[in-house]
Amino acid sequence: MIDLHCHLLPGIDDGAKDVSQSLEMARIAVAEGVTVIACTPHMTPGVYDNTGPDVRARVQTLQAQIDDAGISLQVVAGADVHVAPDLVSRLRSGLALSLNGSRYVLLETPHHVAPPRLETLIFDLMSAGYIPVFTHPERLTWIDRHYDLIKRLFQSGVWMQITASSITGRFGERPRYWAERMLDEGIVHVVATDAHDPVRRPPLFGEAYDALTRRIGEAEANNMVVYRPYGVLNDDPVSTLPPPLASASVAGSVDHQLPPFWRSVVNLWRGV
């Protein structure tokens, strides 16, 4: 399995505090069946001012430490990038990072407030050739009031990433409800751990994979934790990757509801 969202780098954000924690998390992940982790520290202006060059260098150092410890795990560079007006320019300059240098960008929003002009920012990202991967929408406190926005973003080509521990109820019943609803409605692309430490928020995947298999079937579970994540890290076009379960109905029933500029972006996303 491939984990596209993990705060594994030590001492850089609210994730692993030191190398010993990073290595312990790496061992847990491998035991859970993970072979590749995207190291995705927060890039939040004014809070976590991490930069692309520094993150890449730290990932190389951590890979060497993982290898020296005899852990069979590959790590690649990425970031949990917070929404910001200058995000496109920061991505182009390399100050902000996509996942493994691909067109796919892990996009984080405020947890308690739906950001204004979010659709405009996402339109700008997609027009610039990036595919936003919306992180853990099921855990946002504003999803109750703005679920239509989540579905509209999905319809527009935004990828949805839910958290493994939300599926198993480790974040509580409310995130579990929204995770299951999104899974049932077929609007989830990938599942990731969003792990932060080896104890409170460890990189647990196996239990969630079993729950996914029971709920949506083995083929789609594998799409969420193996095939689509691999395609992301390989920078494959969206049109070449397994579509989420709702994509057929989206293609057939909602295009006429989208504004013209969104239709053009959706067509670009599909490779039309």
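The values are calculated or read from the model by the stated rules, or taken from the named source; none is laboratory data. Because the structure is a prediction, the values reported are computed rather than measured. Every residue, glycine as well, gets a Cβ built from its backbone with ideal geometry; the counts of neighbours run over all protein chains shown.
Assorted remarks:
- Residue match in the stretch 206-219 (condition: of a type in the set (A, V, I, L, M, F, W, C), over 16 Å from TRP159 (Cα atoms) and either outside any helix (DSSP H, G or I) or at pLDDT below 95 (or both)): no
- Out of ILE167, ILE131, one residue alone is surrounded by 20 or more Cβ atoms within 10 Å (Cβ to Cβ) and over 18 Å from ASP80 (Cα atoms). It is ILE167.
- Residues of the stretch 41-52 that are under 17 Å from the mean Cα position of the chain (by Cα) and either outside any strand (DSSP E or B) or surrounded by fewer than 24 Cβ atoms within 10 Å (Cβ to Cβ) (or both): PRO41, HIS42, THR44.
- Of the criteria (1) within 18 Å of the chain's Cα centre (by Cα); (2) outside any strand (DSSP E or B), which one ALA38 fails: (2)
Here's the yes/no breakdown for (1) aliphatic (A, V, I, L, M); (2) surrounded by fewer than 18 Cβ atoms within 10 Å (Cβ to Cβ); (3) outside any helix (DSSP H, G or I); (4) in contact (Cβ under 8 Å) with a residue 60 or more places away in the chain:
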position: ASP3; (1), (2), (3), (4): no, no, yes, yes
position: LEU9; (1), (2), (3), (4): yes, no, yes, no
position: ASP14; (1), (2), (3), (4): no, yes, yes, yes
position: SER22; (1), (2), (3), (4): no, no, no, no
position: ALA29; (1), (2), (3), (4): yes, no, no, yes
position: ASP54; (1), (2), (3), (4): no, yes, no, no
position: THR61; (1), (2), (3), (4): no, yes, no, no
position: SER72; (1), (2), (3), (4): no, yes, yes, no
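- Pairing residues of the stretch 136-158 that are hydroxyl-bearing (Ser, Thr, Tyr) with residues that are surrounded by fewer than 17 Cβ atoms within 10 Å (Cβ to Cβ), at Cβ distances under 6 Å and at least 6 apart in sequence or on separate chains, gives THR141/HIS112.
- Only residues that are surrounded by fewer than 22 Cβ atoms within 10 Å (Cβ to Cβ) and among the hydrophobic types (A, V, I, L, M, F, W, C) were counted across the stretch 106-124, and they come to 5.
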